[in-house]
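Peer 1: The structure that follows is given in the form of structure tokens.
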Amino acid sequence: MLSRVGYALRETWQGFQRNWTLTAASVLTAAVSLLLAGMSFFIQKAFDQVLQQWSNNVQFVVFMKPDATTDQIEAVKSALADQQASGVVRAALYSGKDESYEEFKRLFSTNPTVTDQLTAEEMPTQFKVAPASNDSAVINNLIAQFRGRPGVLDVRSPAEYVKVISKLSGFIRWVTTALWIVLLGTAVGLIWNTIRTAMFARRREIEVMKLVGATNWFIRIPFMLEGLIQGLIGSAVASVSLVGLNVVWTGRIKSVTAGLANVKDLALVHFIVGGGYVGSIVVRLIVLGALAGAVGAGIAASRFLDV
Amino acid sequence: MIRLENVTKIYDGDVTALRDASFDIPKGEFIFLVGPSGSGKSTILRLLNRQYKPERGDVWVAGKNINRMREGDVPKLRRQIGNIFQDYKLLLNKTVFENVAYALEVIGQPRHVIRQQVPQVLDLVGLAGKEDRFPNQLSGGEQQRVSVARAFVNRPLILLADEPTGNLDPATGEGIMKLLEAINKTGTTIVMATHDQMIVNSMRKRVVQLDRGVIVRDQTRGVYE
Ligand SMILES: Nc1ncnc2c1ncn2[C@@H]1O[C@H](COP(=O)(O)OP(=O)(O)O)[C@@H](O)[C@H]1O
Ligand SMILES: [Mg+2]
């Protein structure tokens, strides 16, 4: 048994050395496709988190015109208080010119040319409103009530954004998934070709092995192992890159949102994908890489041994 | 040990390499298959180690109908059969020792068995001391001895030899024949395809003669013709 394992490993290692250019091409293609697969899972997760957060606290924003009078603002404020008293609105958050301007300055703190161009006077006053129900008919009715009021610039409901974002995420999901599947198919093809070439180069040995009564599995295993390891190296490269990208991405978001009030409410922070989920993506990548290698090599090996 | 029953082998749907061939080879016999090139000698040998299946008829080896054999049992059959070829089929990147050891290694024999059996069989074929040479450092006769050693190292019941002296000068060929006779004396059944008249005539073994895929003569203690 031990001698068989030793034999398989030795043959596999020699296969790599003999064919390192083809091997490198297979491994790289596998790595790129798996990195793309990982990013696709990652993006899906990020969008899901953002959409989840938005649909959990459905709210709309009443934007006042910059030149709205204090009376007009107070009228909207008291109308909202009435709705809150009657239980239609759960919470309403007022954000005056100064608050809006502070938030704006923090968001664009790295970009002084933008902050210099606007003054507190030009910032819109806004109310963030959280309806008690998430029945869209009730919410639409509520939105319509405020849209016509004097001094109101517009009422924006995230339902529209949710629709746009989920369309966008659906599209991105579709494109990245199609891309990684095609690339993984290419990787399987390249691994298949590498193994076929390796077997062809060793056809004399294979002929002798068959004649002295080696089983097909015995002949096949070093080649399948070679393909499997190519897939696994590909997934290792992809996993390391993905974890690296995630560290950079998380760092960027954290530095942009650092010091902001209500960080939890910002859509941006929900684009951060947790370490645990990245770990589960890595597991998926390893499984996919191993499968690609085993399938490519398996097809090559059985085709070759049949004839 | 070996039996062909009305065996017909057709290649690619139109080349009939063997037509309705029948014979019976008892255990321990030494038999020559003779006939001109293309008469079907190699085809018979390839049917016996299940490289091919016949279109009609049955092939029995060591008590088993090998046409009905499951694919998974073919390696087991082949471990009972040694093969020798005109072109030796040695692995050029392996030493003499490794070439012979390979046959044991790939059927999963443990290392201590290999270390014991290989020197023994190399001694038997007269290659003691040349274990570390590569095939291209050997004469044709020596290379054929390596291939005999490889075929015999796991003590097969049957040895199939396809023109083993075809590439050798008569004196060297005679050496190989002595070796095969010695192996035959240990009880191994030997089927040898050849068109070497001198060898066939000097050995006086059973001769099966083929002509365009048909057995035209089956004679005990026969001559080439
Ligand atoms: N693999 C093959 N495919 C097609 N035709 C073959 C094949 N092997 C042998 N033949 C044909 O079958 C006939 C018998 O060949 P073979 O058994 O090799 O004869 P011998 O060994 O007596 O020279 C020949 O006509 C040969 O061309
Ligand atoms: Mg022939």
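No value in this document is a laboratory result; all are computed from the given coordinates. What you are looking at is a predicted structure, and each value in this text was computed from that prediction instead of being measured. Don't worry about glycine lacking a Cβ; one is built from the backbone with ideal geometry, like all the others, and counts go over all protein chains shown.
Peer 1: How high is the FRET efficiency between A:Val164 and A:Ile43 when r is their beta carbon distance and R₀ equals 22 Å, given to the nearest 0.05?
Peer 2: That pair, A:Val164 with A:Ile43, gives E of 0.90.
Peer 1: With θ set to phi - 60° and the Karplus curve 6.51 cos²θ - 1.76 cosθ + 1.60, what are the ³J(HN,Hα) couplings of the range A:244-249 in order, to the nearest whole Hz, using x for Gly and Pro?
Peer 2: x, 4, 5, 4, 4, 4
Peer 1: Then there is this: What FRET efficiency comes out for the pair B:Arg111/A:Trp217, r = Cβ-Cβ distance, R0 = 22 Å, nearest 0.05?
Peer 2: Working from the Cβ atoms, E equals 0.60.
Peer 1: Show the residues, 5+ positions off or on another chain, whose built amide H is closer than 5 Å to the amide H of A:Arg90.
Peer 2: The list, which skips near neighbours in sequence, is A:Ala130, A:Ala132.
Peer 1: What does the charge count near A:Phe16 come to, summing +1 for each Lys or Arg and -1 for each Asp or Glu among other residues with Cβ under 15 Å from its Cβ?
Peer 2: +1
Peer 1: Step through the residues of the range A:207-220 one at a time and calculate ³J(HN,Hα) from phi using the Karplus curve (6.51 cos²θ - 1.76 cosθ + 1.60, θ = phi - 60°), rounding each to whole Hz and writing x for Gly and Pro.
Peer 2: 4, 4, 4, 5, 5, 8, x, 5, 6, 4, 5, 4, 6, 6
Peer 1: Non-local amide H neighbours of B:Lys205 (under 5 Å, H modeled in plane, Pro and chain starts lacking H): which ones?
Peer 2: B:Gly222
Peer 1: So how much slack lies between A:Arg147 and A:Ala130, counting 0.36 nm per residue of separation and subtracting their Cα-Cα distance, in nm?
Peer 2: 4.5 nm
Peer 1: Would you mind telling me which residue in B:Ala128, B:Ala101, B:Ala62 has the biggest mean-square fluctuation in a Gaussian network model of chain B, where springs connect alpha carbons within a distance under 10 angstrom?
Peer 2: B:Ala128
Peer 1: A follow-up question, please. Tell me, what HN-Hα J-couplings in whole Hz come from the Karplus equation 6.51 cos²θ - 1.76 cosθ + 1.60 at θ = phi - 60° for each residue of the range A:190-198, using x for Gly and Pro?
Peer 2: Per residue, the Karplus-derived 3J(HN,Hα) values read 5, 5, 4, 5, 4, 5, 4, 4, 4 Hz.
Peer 1: Something else about it: Under 12 Å between alpha carbons, and skipping anything fewer than 8 positions from A:Lys97 in its own chain: which aspartates and glutamates qualify?
Peer 2: The qualifying aspartates and glutamates are A:Asp67, A:Glu121, A:Glu122.
Peer 1: A 25 angstrom limit on the alpha carbon distance is what I want to check against. Which of A:Lys65/A:Lys167; A:Lys210/B:Lys64; B:Lys41/B:Lys205; B:Lys41/B:Lys89 exceed it?
Peer 2: Flagged as over cut-off: A:Lys65/A:Lys167.
Peer 1: Around B:Leu159, which amide H atoms from residues at least 5 apart in sequence, or from another chain, sit under 5 Å from its own amide H, with H modelled in the peptide plane?
Peer 2: Sorted by chain and number, the residues that satisfy this are B:Gly82, B:Thr189, B:Ile190, B:Val191.
Peer 1: Grab the DSSP H runs of chain A that are 4 residues or longer, score each as -39,500 (n - 2.57), total them, divide by all residues and round the 222 nm result to the nearest 500 deg cm²/dmol.
Peer 2: It lands at -26000 deg cm²/dmol.
Peer 1: Same structure again: Take chain A, connect every pair of alpha-carbon atoms lying under 10 Å apart with a spring to form a Gaussian network, then pick out the residue of A:Ala46, A:Ala75, A:Ala25 with the largest mean-square fluctuation.
Peer 2: A:Ala75
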